[in-house]
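Taking it in order: structure first as structure tokens, then the write-up.
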Amino acid sequence: MEQRRLGVILSGVTGRMGTNQHLIRSVLAIIKQGGVKVSPELTLMPDPILVGRNENKLRALAEAHGPDAIGKPLRHTTDLDAVLASKDEEIFFDASLTQLRGNFVGKAIEAGKSIYCEKPTATTTAEALALAEKAERAGVKNGVVQDKLWLPGIRKLKMLIDQGFFGKILSVRGDFGYWVFTGEVDDQPAQRPSWNYREEDGGGIMVDMFCHWRYVIDNVFGPVASLVAHGNVDLDSRVDESGKAYKATADDSAYGIFLLEDGTVCQFNSSWCSRVRRDDLLTIQVDGTHGSAVAGLRECWVQPIAATPKPVWNPDIPQPIDFTANWSQVPNATEYDNAFKIQWEMFLRHVALDEPFRWSLREGAKGVQLAELGLQSWKNRQWVDVKPI
Ligand SMILES: NC(=O)C1=CN([C@@H]2O[C@H](COP(=O)(O)OP(=O)(O)OC[C@H]3O[C@@H](n4cnc5c(N)ncnc54)[C@H](OP(=O)(O)O)[C@@H]3O)[C@@H](O)[C@H]2O)C=CC1
Ligand SMILES: O=C1CO[C@H](CO)[C@@H](O)[C@@H]1O
């Protein structure tokens with residue numbers, strides 16, 4: 001049995017996403033399961049090195065998840081240039097602040113590393129495309145996180161579409177969000193980093209979430225042709241990680257209508273200022289001629305035309321129909337692994353075995369494009385076309 005080692009530089013690993021989804025639930029989970037088993041003869045084994053600017057944070061992270069968790073020390077360093085120059089490391093991954101992505105990823109491309117990184121890849125389409133082109137010119141393998149595609153709820157929706165459950169799809173409605181505390185009241189600290197609420201630091205819900213909506217729509221429902229969007233700074237004062245009040249300058253709610261090439265209408269509401277009274281933090285309802293479905297992050301409920309109740313408008317009596325009845329849950333017919341881990345395993349196979357991986361920096365740039373066009377539509381109060389890139 002051959003074990004092929006893949007040196008993986010993890011940048012931005014001290015952040016929320018870097019630590020939880022990428023280090024613990026993806027790379028370390030892969031190590032703990034014994035690597036990615038390709039065949040009885042071959043296993044791919046990531047060997048991470050944690051990179052960042054804060055030695056203490058890196059050491060604490062390495063100690064917390066090293067020997068006791070994976071049976072060997074976790075490597076860490078603050079010397080990015082040295083690690084990029086090392087032939088021992090093959091892959092560079094970045095989950096640092098969006099605004100730092102271009103610089104870190106650009107350096108790693110120049111060092112000839114295979115690139116994998118979080119979305120958004122930039123805050124403007126021009127920068128995102130330039131990064132994709134740089135990687136393409138250098139001939140390095142590259143990929144961007146598009147995790148929602150591997151969420152059980154979205155996989156179930158895709159399965160229903162492939163099975164023809166909906167008939168003709170008429171509309172798609174996504175509702176995303178929850179209440180993000182402002183931190184102004186003691187004992188209710190904000191649960192997201194403050195940079196998300198400052199436009200000047202790359203924040204804003206449109207930049208954050210339209211990247212996701214782009215690949216979800218393109219991959220599940222079909223190519224986006226045009227959009228109209230509106231955003232809002234609902235709460236303009238928040239308190240940061242150090243307890244200091246700051247002016248929130250970025251949109252914390254965004255509303256988009258996306259018209260697909262085949263005429264299907266998709267709308268997505270995204271808000272950090274909304275209290276949840278629905279099945280999950282993200283729900284997507286699909287209405288078709290033969291049936292409807294509502295997907296959450298993990299579950300999906302369906303109502304075929306034959307089980308569709310016939311409502312009659314009459315506000316003068318209590319609602320006689322229980323609208324949550326007559327829906328059935330799509331069963332879990334398979335094991336659903338962590339969405340980020342699934343994509344990591346595919347990327348490792350792409351690097352080691354040359355297997356196809358279509359979620360590239362260019363695909364990531366399409367997400368940035370949708371966000372930028374959303375901002376443009378909002379500012380100019382107009383529909384905009386989505387040009388191919
Ligand atoms: N796919 C998804 O579902 C999600 C993706 N994201 C994306 O992931 C990225 C990170 O978000 P999140 O984890 O929430 O952010 P965090 O603020 O939690 O983490 C930011 C990271 O960037 C590092 N960093 C910040 N400033 C600098 C600097 N000047 N130089 C070097 N490193 C720096 C931080 O290091 P330090 O610890 O030293 O400060 C930390 O590792 C964003 O691009 C975001 O859009 C976010 C949420 C979900
Ligand atoms: O997918 C995601 C889940 O929610 C977060 C927003 O609240 C996003 O930052 C993130 O990209």
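The values are calculated or read from the model by the stated rules, or taken from the named source; none is laboratory data. This structure is a prediction, so every number in the text was calculated from the model and none was measured. Here the Cβ is made from the backbone with ideal geometry for all residues, glycine too, and neighbour counts use every protein chain on show. Areas reflect the complete protein model, heavy atoms only, side chains present, ligands, DNA and RNA absent. Shrake-Rupley method; radii C 1.70, N 1.55, O 1.52, S 1.80 Å.
Summary of computed values
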{"item": "Residues (in contact (Cβ under 8 Å) with a residue 24 or more places away in the chain, among the basic types (Lys, Arg) and more than 9 Å from ligand 1 (Cβ to nearest atom)) located in the stretch 86-126", "result": "Lys107, Lys113"}
{"item": "Selection from the stretch 163-199 of residues that are outside any loop (DSSP other than H, G, I, E, B), within 16 Å of ligand 1 (Cβ to nearest atom) and open to solvent by less than 40 Å² (accessible area, probe 1.4 Å)", "result": "Gly174, Phe176, Gly177, Ser194, Asn196, Tyr197"}
{"item": "Single unsatisfied condition, Asn142 versus (1) assigned by TED's automatic domain parsing to the domain that holds Val216; (2) in contact with a strand residue (DSSP E or B) (Cβ under 9 Å, 6 or more places away or on another chain)", "result": "(1)"}
{"item": "Test: Arg16 is touching a residue at least 40 places away in the same chain (Cβ under 8 Å), within 16 Å of ligand 2 (Cβ to nearest atom) and open to solvent by 30 Å² or more (accessible area, probe 1.4 Å)", "result": "yes"}
{"item": "Residue list for the stretch 368-388, filter: within 18 Å of Leu260 (Cβ to Cβ) and more than 20 Å from the chain's Cα centre (by Cα)", "result": "Ser377, Trp383, Val384, Asp385, Val386, Lys387, Pro388"}
{"item": "Selected residue [part of a helix (DSSP H, G or I) and either under 21 Å from Val140 (Cα atoms) or of a type in the set (Phe, Trp, Tyr) (or both)] from Gly364, Gly374", "result": "Gly364"}
{"item": "Any chance Lys141 is away from ligand 1 (no atom under 13 Å from the Cβ), closer than 18 Å to Trp359 by Cβ, crowded, with 24+ Cβ neighbours inside 10 Å and not polar (S, T, N, Q)", "result": "no"}
{"item": "Given (1) in contact with a Gly (Cβ under 6 Å, 6 or more places away or on another chain); (2) surrounded by 17 or more Cβ atoms within 10 Å (Cβ to Cβ), number of the condition Leu84 does not satisfy", "result": "(1)"}
{"item": "Residue in the stretch 291-300 that is at pLDDT 95 or above, within 27 Å of Leu97 (Cα to Cα) and surrounded by 20 or more Cβ atoms within 10 Å (Cβ to Cβ) present", "result": "no"}
{"item": "Test set (1) within 9 Å of ligand 1 (Cβ to nearest atom); (2) touching a strand residue (DSSP E or B) at 6+ places or on another chain (Cβ under 6 Å) - Lys57 fails condition number", "result": "(2)"}
